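Heads up: the structure comes next, in structure tokens.
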Amino acid sequence: MTRVNVMRPWLGDEEVAAVAAAIRSGWVAQGPRVAAFETAFAAAMEAPHAVATSSCTTALHLALVVAGIGAGDDVVVPSFSFIATANAAAYVGARPVFADVDLATGNLTRDTVEAALTPATRAVIVVDQGGVPVDLDPIRELCDARGIVVIEDAACGAGSTYHGRPVAATAEIAAWSFHPRKIITTGEGGMVTSGRDDWATRARRLREHAMSVSAADRHANVLAPVEEYAEVGFNYRMTDLQAAMGLVQLGRLPEIVARRRALADGYAKQLAEIPGLRPVADPAWGTGNFQSYWIEVQPEYPLSREELLAHLAAADISARRGIMAAHRQPPYRELTPSSGLPVTERLTDTTLILPLFHELIESDQERVIAALRRPV
Ligand SMILES: *Cc1c(COP(=O)(O)O)cnc(C)c1O
């Protein structure tokens, strides 16, 4: 019996060839392939502008900077997210204010955001958690009227849809991840997309030391133009090696999402017959990419979440505890709201992520389902 892994990126000879071609070209830092990847990504996500970065974490940081968020500001974030979501607010000196999430989707809602607003709230970071689209419009309606910026952390969201369009297509600004744990990968890498020309232009400069002329443009000239550094910038650039890979991966996205949705459907049909296991599902307003196929282990199930993880491990099946709760980590414990975060804690304590990836074969999925059916 071989191990069933919980995830594995889908990579092939095309990625190898694309990266090799970038190396042979002699241009390995941010250059023409990054520009091409930005154009292709913006088109695929129906976003007016795309700016490639070194990660989603740095993309989130840039989003907060261009939105003008800083010291003295409150930023509403879900605790139920990878810790980078809250850290981004801390980077700009703002205070993360944790809002609870919806039990069905694991996402912020208009009501949970409203409950977390303070007089100092200047931004909200919503997350398409595990690839489940957040219901953005009601949150925008609440926030736009108050001059609060809504940033979409779409780290897990590539290929998910909201009201028939790619998630974040209508976001003021969004951040994406190409870490191997996400839906398509460049090794490490990220993207900012935005509907605002001014924010995209500033993000493009800030990711490259706030240089007035990009390094690629300077090197294209025999006599490089003199550059200026108008503000304190960052080095958050993606490399052309990563972008070469990203272009191939982006081409695979429709196939990846179709395969993941078919596998998720297979799980959902079987799990419907097992009392006490509730799987994540599409919400009414969109379709997910099943970046994380999580199930909630409810009291009717004979095993606890920890016991089920051990039971699966004994069958050589690798599963993972569900999404973390940032407010339980040392930097944020003191920011736990007095009302608590009951749904976040329930989901963090009772969910686990089952194996689901492009090359998962049916017989392995059947092994997972058989182990869930026989909890002894
Ligand atoms: C993975 C993840 C991030 C961080 O992405 P990196 O590209 O690794 O920096 C941020 N937010 C969410 C919701 C994530 O899942």
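Can you tell me which residue is surrounded by the fewest Cβ atoms within 10 Å (Cβ to Cβ) among those in the range 163-172 that are away from the ligand (no atom under 16 Å from the Cβ) and not charged (D, E, K, R)? Outline the logic, then answer.
Of the residues in the range 163-172, the ones away from the ligand (no atom under 16 Å from the Cβ) are 163-166, 169-170, 172.
From what is left, the residues that are not charged (D, E, K, R) are 163-164, 166, 169-170.
Details: His163: 13, Gly164: 9, Pro166: 22, Ala169: 19, Thr170: 17.
My answer is Gly164.
Can you find, within the range 1-37, the residue that is farthest from Arg181 (Cα to Cα) among those that are of a type in the set (S, T, N, Q) and at pLDDT 95 or above? Reasoning before the result, please.
Step one: list which residues in the range 1-37 are of a type in the set (S, T, N, Q), which gives 2, 5, 25, 30.
Now drop any that are not at pLDDT 95 or above, which leaves 5, 25, 30.
Working: Asn5: 12, Ser25: 29, Gln30: 23 Å.
Once the filter is applied, the top-ranked residue is Ser25.
If I filter the range 224-232 for residues that are crowded, with 17+ Cβ neighbours inside 10 Å, among the hydroxyl-bearing types (Ser, Thr, Tyr) and more than 30 Å from Gly286 (Cα to Cα), do I get at least one hit? Break it down stepwise before answering.
Initial filter on the range 224-232 (crowded, with 17+ Cβ neighbours inside 10 Å): none.
No - not one qualifying residue is present in the range 224-232.
Against the conditions (1) within 12 Å of the ligand (Cβ to nearest atom); (2) within 11 Å of the chain's Cα centre (by Cα), where does Pro133 fall short? Just the number, please.
Pro133 satisfies all of (1) within 12 Å of the ligand (Cβ to nearest atom); (2) within 11 Å of the chain's Cα centre (by Cα) except (1).
Would you be able to say whether some residue in the range 360-370 is touching a residue at least 60 places away in the same chain (Cβ under 8 Å), part of a helix (DSSP H, G or I), more than 22 Å from Gly266 (Cα to Cα) and among the hydrophobic types (A, V, I, L, M, F, W, C)?
Going residue by residue through the range 360-370, those that are touching a residue at least 60 places away in the same chain (Cβ under 8 Å) are 360, 362, 364-365, 367-369.
In the following step, the residues that additionally are part of a helix (DSSP H, G or I) were identified as 362, 364-365, 367-369.
Within this subset, residues satisfying the condition of being more than 22 Å from Gly266 (Cα to Cα) are none.
The answer is no; no qualifying residue exists.
Residues are listed down the side, and each one gets a yes or a no for (1) at positive phi; (2) out of contact with any Gly (no Cβ under 6 Å at 6 or more places or on another chain):
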| site | (1), (2) |
| --- | --- |
| Ala94 | no, yes |
| Ala123 | no, yes |
| Val127 | no, yes |
| Gly131 | yes, no |
| Thr170 | no, yes |
| Lys182 | no, yes |
| Thr186 | no, no |
| Arg196 | no, yes |
| Leu206 | no, no |
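Against the condition of a type in the set (A, V, I, L, M), more than 19 Å from Gln291 (Cα to Cα) and within 16 Å of the ligand (Cβ to nearest atom), how does Val150 come out, does it pass? Spell out how you get there, then give the answer.
Working: of a type in the set (A, V, I, L, M): yes; more than 19 Å from Gln291 (Cα to Cα): yes; within 16 Å of the ligand (Cβ to nearest atom): yes.
Considered against the rule, which asks whether it is of a type in the set (A, V, I, L, M), more than 19 Å from Gln291 (Cα to Cα) and within 16 Å of the ligand (Cβ to nearest atom), Val150 comes out as yes.
Name the single residue that is nearest to Gln291 (Cα to Cα) among those in the range 173-203 being surrounded by 19 or more Cβ atoms within 10 Å (Cβ to Cβ) and more than 16 Å from the ligand (Cβ to nearest atom).
Ser194
Which one of Asp316, Asp265 is among the charged types (D, E, K, R) and in contact (Cβ under 8 Å) with a residue 60 or more places away in the chain? Please lay out each step first, then the result.
On the way: Asp265 fails: in contact (Cβ under 8 Å) with a residue 60 or more places away in the chain.
When all the criteria are applied, what remains is Asp316.
Looking only at the range 304-333, filter to residues that are in contact with a helix residue (DSSP H, G or I) (Cβ under 9 Å, 6 or more places away or on another chain), more than 23 Å from Leu263 (Cβ to Cβ) and not small (Gly, Ala, Ser); which one of those is surrounded by the fewest Cβ atoms within 10 Å (Cβ to Cβ)?
Arg333
Please name all residue pairs, on different chains or six or more residues apart, with Cβ atoms under 6 Å, provided the first residue is in the range 272-294 and is under 20 Å from Lys182 (Cα atoms) and the second residue is assigned to a strand (DSSP E or B).
The qualifying pairs are Pro279/Ile295; Val280/Trp294; Gly286/Thr161; Gly286/Tyr162; Thr287/Thr161; Ser292/Ile353; Trp294/Thr351; Trp294/Ile353.
Any residue in the range 169-195 that's closer than 18 Å to Val149 by Cα: show its pairings with residues that are aromatic (Phe, Trp, Tyr) and more than 7 Å from the ligand (Cβ to nearest atom) at Cβ separation under 6 Å, as long as the two are six or more apart or on different chains.
Ile173/Trp199
Please state which one of Ala155, Ala224, Ala174, Ala169 is part of a strand (DSSP E or B) and of a type in the set (A, V, I, L, M, F, W, C).
On the way: Ala155 fails: part of a strand (DSSP E or B); Ala224 fails: part of a strand (DSSP E or B); Ala169 fails: part of a strand (DSSP E or B).
Sole residue among the options that is part of a strand (DSSP E or B) and of a type in the set (A, V, I, L, M, F, W, C): Ala174.
State yes or no: is Val343 surrounded by 20 or more Cβ atoms within 10 Å (Cβ to Cβ), closer than 17 Å to Arg278 by Cα, touching a residue at least 24 places away in the same chain (Cβ under 8 Å) and not acidic (Asp, Glu)? Walk me through how you get there before you give the answer.
Values: surrounded by 20 or more Cβ atoms within 10 Å (Cβ to Cβ): no; closer than 17 Å to Arg278 by Cα: yes; touching a residue at least 24 places away in the same chain (Cβ under 8 Å): yes; not acidic (Asp, Glu): yes.
Considered against the rule, which asks whether it is surrounded by 20 or more Cβ atoms within 10 Å (Cβ to Cβ), closer than 17 Å to Arg278 by Cα, touching a residue at least 24 places away in the same chain (Cβ under 8 Å) and not acidic (Asp, Glu), Val343 comes out as no.
So which residues in the range 32-69 are aliphatic (A, V, I, L, M), over 16 Å from Val167 (Cβ atoms) and surrounded by 21 or more Cβ atoms within 10 Å (Cβ to Cβ), if there are any at all?
Let us first name the residues in the range 32-69 that are aliphatic (A, V, I, L, M), namely 34-36, 40, 42-45, 47, 50-52, 59-60, 62-67, 69.
When the remaining residues are screened for being over 16 Å from Val167 (Cβ atoms), the result is 34-36, 40, 51-52, 62, 64-67, 69.
Across the range 32-69, the qualifying residues are Val34, Val51, Ala52, Leu62, Leu64, Val65, Val66, Ala67, Ile69.
Report yes if some residue within the range 117-130 is in contact (Cβ under 8 Å) with a residue 40 or more places away in the chain, over 26 Å from Thr53 (Cβ atoms), hydroxyl-bearing (Ser, Thr, Tyr) and touching a strand residue (DSSP E or B) at 6+ places or on another chain (Cβ under 7 Å); otherwise report no.
Scanning the range 117-130 turns up at least one residue that is in contact (Cβ under 8 Å) with a residue 40 or more places away in the chain, over 26 Å from Thr53 (Cβ atoms), hydroxyl-bearing (Ser, Thr, Tyr) and touching a strand residue (DSSP E or B) at 6+ places or on another chain (Cβ under 7 Å).
Checking Val65 against (1) in contact with a strand residue (DSSP E or B) (Cβ under 7 Å, 6 or more places away or on another chain); (2) away from the ligand (no atom under 12 Å from the Cβ), which test does it fail?
(1)
Being in contact with a Ser or Thr (Cβ under 6 Å, 6 or more places away or on another chain) and of a type outside the set (Phe, Trp, Tyr) is the filter; apply it to the range 77-97 and report the residue that is surrounded by the fewest Cβ atoms within 10 Å (Cβ to Cβ).
Narrowing the range 77-97 to residues in contact with a Ser or Thr (Cβ under 6 Å, 6 or more places away or on another chain): 77, 79-80, 84.
Next, from what is left, pick out any that are of a type outside the set (Phe, Trp, Tyr): 77, 79, 84.
Values: Val77: 33, Ser79: 28, Ala84: 21.
Here the residue is Ala84.
The values are calculated or read from the model by the stated rules, or taken from the named source; none is laboratory data. Everything numeric in this text was worked out from a predicted model, so none of it was measured. No Cβ is skipped: glycine too gets one built from the backbone with ideal geometry, and neighbour counts run over all protein chains shown.
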